[in-house]
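I have placed the structure first, in the form of structure tokens, so that the comments after it can refer back to it.
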Amino acid sequence: MREVTDSPTTESRKVDHIRINLEQNVDFPKLTTGLEKYRFLHRALPELNLDEIDTAIPLFGKTLHAPLLISSMTGGAEMAYRINTHLAEAAQEYKIAMGLGSQRAAIEDNNLAYTYQVRKVAPDIVLFANVGAVQLNYGYGIDQCQRAVDMVEADALILHFNVLQEAVQPEGDTRFAGLLQKVEQVCKNVSVPVIAKEVGWGFSITDVKNLANAGVAAIDVAGSGGTSWSEVEYHRAPTAFHARVARSFADWGIPTADAIRYAVEGAPALPVIASGGLRDGIDIAKCIALGAKIGGMAGPFLKAADKSPEAVIELIHEVIRQLKIAMLCSSAANLDQLSQTPLYTD
């Protein structure tokens, strides 16, 4: 629990979030992703060569060399610029996708825009801009969303939904009523596809259906089992009262495996991005077999990016290698075949 201070700025919150994620254990204490329940049937005779396995996949008009997303993490502070640059350099090396952290800080203060601007080191990647959906109830509209896209030359815009995180923050924005209609207007008027993204608690089938009807182009389920943002807010709570409230929600949410199934059922025509506690290429393989198009990881990439771009490159190489071996041992030559590969439960 931090000392009580004046109301924090958006920039200071960014620094708090990075520091806490790097220094504290903020995983869900008990709740898991649910992916550990699923297993592939091992194929001892796959009739495939490892070096011929194809992990390429189209996404938003570009081709990813692997179904991997560096999930949205940060921006809006000097230390975030270094992290985002390291992440982007590695993403460019492997031609994978990358999401940026919420751009509210730079919309409030254009002097912070540089902390998100990575196109100079990653001209070819699929890149996602990012705005908090709830801000549409606090004066944001099409103009601010388009500014976020233009600021970073994004291929798509994430609207992130973080109702629990906002509710446990003393300074949180908690007016979520009437939001869906405003999301629909953004989808109709912004210049790029819109992705609806949770931040670690998953979407229900009802929410997925409503978002699909509003016009979103993809769902990032961001289910439970990885980083718990109520745990993050516990560590930055200004009083014991706020700390206790945040801690009580430590195991709240929809596990990632269930959230994927809900998204596929609720919006079968939309691509699903699986995120929330994914830790390696085997997790990504399982998510694709469950119906996701690509998998996103955040925590492991943040820790690697805090070290160097080379550490991020090494992590990407490792994850893709794990994915390819999982595909080989499941007799899946490409991602279409992997998506049709059955999983079984213990």
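The values are calculated or read from the model by the stated rules, or taken from the named source; none is laboratory data. The shown structure was predicted, so the numbers you read here are calculated from the model rather than taken from an experiment. As a convention, Cβ positions derive from the backbone with ideal geometry for all residues, glycine included, and neighbour counts pool all protein chains shown.
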Within the range 85-142, count every residue that is closer than 21 Å to Ser12 by Cβ, in contact with a helix residue (DSSP H, G or I) (Cβ under 9 Å, 6 or more places away or on another chain) and surrounded by fewer than 17 Cβ atoms within 10 Å (Cβ to Cβ).
4
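Out of the residues in the range 263-308 that are aliphatic (A, V, I, L, M) and surrounded by fewer than 20 Cβ atoms within 10 Å (Cβ to Cβ), which is nearest to Thr227 (Cα to Cα)?
Going through the qualifying residues, I end up with Ile282.
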For the range 146-155, state whether one or more residues are among the basic types (Lys, Arg), buried (at least 17 other Cβ atoms within 10 Å of the Cβ) and either closer than 24 Å to Arg13 by Cβ or at pLDDT below 95 (or both).
yes
Can you go through Leu328, Leu323, Leu338, Leu315 and tell me which one is aliphatic (A, V, I, L, M), farther than 22 Å from Glu52 by Cβ and modelled with pLDDT of 95 or more?
Leu315
Could you tell me which residue of the range 24-59 is farthest from Asp283 (Cα to Cα), considering only residues that are among the polar types (S, T, N, Q) and at pLDDT below 95?
Gln24
Only one of Ala214, Ala267, Ala218 that is without any contact (Cβ under 8 Å) to a residue 60 or more places away in the chain, closer than 27 Å to Ala148 by Cα, touching a Leu at 6+ places or on another chain (Cβ under 7 Å) and among the small types (Gly, Ala, Ser)
Ala214
Go over the candidates Ala289, Ala267 one by one and state the one that is touching a strand residue (DSSP E or B) at 6+ places or on another chain (Cβ under 7 Å) and closer than 30 Å to Glu314 by Cα.
Ala289
Could you name every one of the helices (runs of 4 or more DSSP H) located completely within the range 184-281 that has at least 1 residues being over 25 Å from Ala304 (Cβ atoms), modelled with pLDDT of 95 or more and among the β-branched types (Val, Ile, Thr)?
205-214, 240-247, 256-266
Scan the range 22-70 residue by residue and report those that are in a helix (DSSP H, G or I) and touching a Ser or Thr at 6+ places or on another chain (Cβ under 8 Å).
Leu35, Lys37
Of all residues in the range 144-169, how many are assigned to a loop (DSSP other than H, G, I, E, B) and in contact with a Phe, Trp or Tyr (Cβ under 9 Å, 6 or more places away or on another chain)?
3
